[in-house]
Amino acid sequence: MDKVKETKASVQNAFTQTFFHGTKAELKIGDLIETGFDSNFVDRKLKHIYLTATLNAAIWGAELASGNGQERIYLVEATGVLEDDPNVTDKKFPGNPTMSYRSQHSFKVIGEVTVWEGHSPEQIKAMKDGLEKLKQQGAMIIEE
């Protein structure tokens, strides 16, 4: 009987929503993405971690993440409550069309997207220039 419970527990629930997390961190299947680590976008630790249900938003996350590592997109499963990301949904895209969320609960890595097409170098430069301008103006604030 114990063996059956172990097998059932190791199979992913077919009805669990899968999300994307773009980063330059090197992770493995089964790893947990948790709060308390340096942010990909600001020079401090954040109380939340972020994910999205759209591949495009995850691509931006990977491309804009700080550091020199390889851009990666992980498939993740939330382990707790999610809320709309107010940094995107309230400020830029009302109604959350990017399907961007955050949580104080960890995300479990369940896979990696290894084939994806990034944005053009011009688009990335324009986005990074825009973010740098916000930083210089003191407007690059992440609502926690």
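Bear in mind that the values in this text are calculations on the coordinates, not laboratory data. Everything numeric here is computed off the predicted structure, so don't read it as measured data.
Would the stretch 16-136 count as rounded, prolate or oblate if I go by the C-alpha gyration tensor, calling it rounded below 1.5 in a/c and otherwise prolate when a/b exceeds b/c, oblate otherwise? The shape class here is rounded.
Across the cross-link table entries K28/K135; K28/K133; K24/K45, which are compared at the Cα atoms, the separations over 27 Å belong to K28/K135; K28/K133.
Here the relative contact order of the stretch 16-136, from alpha carbon pairs under 8 Å that lie six or more residues apart, stands at 33 percent.
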